[in-house]
1. Suppose we keep only residues that are touching a residue at least 24 places away in the same chain (Cβ under 8 Å) and either in contact with a strand residue (DSSP E or B) (Cβ under 9 Å, 6 or more places away or on another chain) or closer than 18 Å to W13 by Cβ (or both) within the range 31-61. Which one would you say is surrounded by the fewest Cβ atoms within 10 Å (Cβ to Cβ)?
2. Where residues in the range 57-75 are among the β-branched types (V, I, T) and assigned to a loop (DSSP other than H, G, I, E, B), which of them is modelled with the lowest pLDDT?
3. Answer yes or no: is there a residue in the range 3-12 that is at positive phi, touching a helix residue (DSSP H, G or I) at 6+ places or on another chain (Cβ under 6 Å) and surrounded by 12 or more Cβ atoms within 10 Å (Cβ to Cβ).
4. Report, ordered by the first and then the second residue, all pairs with beta carbons closer than 8 Å, sequence separation of six or more or different chains, a first member in the range 62-76 that is closer than 10 Å to V86 by Cβ and small (G, A, S), and a second member that is at pLDDT below 90 and assigned to a loop (DSSP other than H, G, I, E, B).
Amino acid sequence: MAASLVLLDLLGWWRDTRGSWYELHLDTPATSLSVTTTRPDGGSRHTNALIKLDASDGSIIRWGTNFVLGTSRQPDGTLPLSIEWVRVDGRGRRPFVWERGPRHSRRVSLSKALLIIVATQGRQGRS
């Protein structure tokens, strides 16, 4: 459950340095996030389970196959306002940086996520 809380921290809107927006939604089960990407030209794409917990570890979060989350909570426990995605192979230039978007959209996403988790746990209890 602790690893899922890290995924919950990522829910909502993020913007990269090139002007693209990313809306992150929690999947069921709560081990991945689907991403709707909107480019500066207005083009949009939805990708299911694009961000996932690493199956071998559970504490590493992967974006696709080439990047891992290189940011964690602040020392005081607060959520970062920006995150860095680092290439797995060490190649490439700088990390890919996302900055937090509007806070109200994160609250809406978090409410939806909590409903999904409660529903999922209810189903598991009936199995």
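The values are calculated or read from the model by the stated rules, or taken from the named source; none is laboratory data. All figures in this text were calculated on a predicted structure; none of them were measured in a lab. Cβ atoms come from the backbone with ideal geometry, glycine included; neighbour counts cover every protein chain shown.
1. Looking only at the range 31-61, we keep the residues that are touching a residue at least 24 places away in the same chain (Cβ under 8 Å), and these are 31-33, 51, 53, 58-59, 61.
Adding the requirement that they be either in contact with a strand residue (DSSP E or B) (Cβ under 9 Å, 6 or more places away or on another chain) or closer than 18 Å to W13 by Cβ (or both) leaves 31-33, 51, 53, 59, 61.
Values: T31: 16, S32: 19, L33: 26, I51: 22, L53: 19, S59: 11, I61: 25.
The extreme case among them is S59.
2. At the first step, the residues of the range 57-75 found to be among the β-branched types (V, I, T) are 60-61, 65, 68, 71.
Next cut, assigned to a loop (DSSP other than H, G, I, E, B) only: 60, 65, 71.
Values: I60: 87, T65: 91, T71: 74.
Filtering first and then ranking leaves T71.
3. Taking every residue of the range 3-12 in turn, at least one turns out to be at positive phi, touching a helix residue (DSSP H, G or I) at 6+ places or on another chain (Cβ under 6 Å) and surrounded by 12 or more Cβ atoms within 10 Å (Cβ to Cβ).
4. The qualifying pairs are G70/P95.
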